[in-house]
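First the structure, in the form of structure tokens, and then the observations on it.
The values are calculated or read from the model by the stated rules, or taken from the named source; none is laboratory data. This is a predicted model, so every value here is computed, not measured. Here the Cβ is made from the backbone with ideal geometry for all residues, glycine too, and neighbour counts use every protein chain on show. We work out accessible area using only protein heavy atoms, side chains counted, and drop any ligands, DNA or RNA first. Shrake-Rupley method; radii C 1.70, N 1.55, O 1.52, S 1.80 Å.
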Amino acid sequence: MRRTLRVAAYAVVVRDGQLLLARARDDDGRPEWVLPGGGMEHGEDPYDTVRRELEEETGYLVEVTGFLGVDSSRRTLPGRFRRPVDHQGLRLLYAGRVAGGELRDEIGGSTELAAWHPLDAVPGLARIGLIDAALRLWRERPASGHLEAGRG
């Protein structure tokens, strides 16, 4: 089985009790909220990745204020010619604050809308699980940068 690894960097940006999110489409075309951020380019430092991706997806210039931790996932994906692929996603999560720019939607990219959401409304959104893990890291700030399995 072929194996792949994708490394990405995301930011938790909270301002006035609201979380900055971007909206994308899932594999079936349904809208879902995601953390702004994305894949690291070859040779790029993840610190630079998160700042570049935030500007692309939201219009904001972001100051990275801390490293929150790592979220890792592994799953089997369909590959070419119906051969399965063992895929691992390594997601680096940062805390950030808006340092400039203006909120805008991404044009021609992986997301279609950028918006602020009250923190207490996030559980009711159609969202990816990474948002919940990232908020736990942001709230708990574990010294290890890793969440204990099984804790909600």
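For the range 91-152, which GluC sites (Glu not before Pro) pass both filters: DSSP loop (anything but H, G, I, E, B) and at most 12 other C-beta atoms within 10 Å? All intermediate terms of the calculation are to be shown ahead of the outcome.
Working: sites: E102, E106, E112, E140, E148; in loops: E102, E106, E112, E148.
Sparse-neighbourhood loop GluC sites (Glu not before Pro): E102, E148.
Tell me the relative contact order for the range 45-124 as a rounded percent, counting alpha carbon contacts under 8 Å between residues six or more apart. List each step's numbers first, then the result.
Numbers: 117 pairs, mean separation 26.3, N = 80.
For the range 45-124, the relative contact order is 33 percent.
Give me the one-decimal nm value for the distance between modelled label points at D28 and D132, 7 Å along each residue's Cα-to-Cβ direction.
1.8 nm
At what distance in nm do the modelled label points of E63 and R80 sit from each other, each positioned 7 Å from its Cα along Cα→Cβ?
Placing both labels 7 Å beyond Cα along the Cβ direction yields 4.6 nm.
From Cα pairs below 8 angstrom and at least 6 apart in sequence, can you work out the relative contact order of the chain, rounded to a whole percent? Please report the intermediate quantities before stating the final value.
On the way: 316 pairs, mean separation 47.6, N = 152.
For the chain, the relative contact order is 31 percent.
So which GluC sites (Glu not before Pro) in the range 1-70 pass both tests, a DSSP loop state and at most 16 other Cβ atoms within 10 Å of the Cβ? Intermediate results must be reported in sequence, preceding the final value.
Values: sites: E32, E41, E44, E53, E55, E56, E57, E63; in loops: E41, E44.
Those satisfying the criteria are E41, E44.
What's the Cα-based Rg to Rh of the chain, Rh via Kirkwood? Display every interim value, and only then the final one.
Values: Rg = 15.5 Å, Rh = 16.1 Å.
Over the Cα atoms of the chain, Rg/Rh equals 0.96.
Do the sum for the chain: with -39,500 (n - 2.57) for every DSSP H run of n ≥ 4, divided by all residues, what is the mean residue ellipticity at 222 nm, to the nearest 500 deg cm²/dmol? The partial results should precede the final answer.
Values: 2 runs with 25 residues, N = 152.
Using -39500 (n - 2.57) per qualifying helix, the result is -5000 deg cm²/dmol.
Can you send over the carbon and sulfur percentage of the accessible area for the chain, probe radius 1.4 Å, protein chains only? If you can, show how the numbers build up before the last one.
On the way: 4270 of 8940 Å².
Percent of accessible area from carbon and sulfur atoms in the chain: 48.
On full extension of the chain, what length is gained from H87 through T4, given 0.36 nm per residue of separation minus the C-alpha to C-alpha distance?
Values: separation 83, 0.36 × 83 = 29.88 nm, distance 0.48 nm.
Length gained, H87 through T4: 29.4 nm.
Can you give the longest run of the chain that contains no trypsin sites (Lys or Arg not before Pro) sitting in a DSSP loop with at most 14 other Cβ atoms inside 10 Å?
Working: sites that count: R104, R151.
For trypsin sites (Lys or Arg not before Pro) (loop position, at most 14 other Cβ atoms within 10 Å), the longest site-free span of the chain is 1-103.
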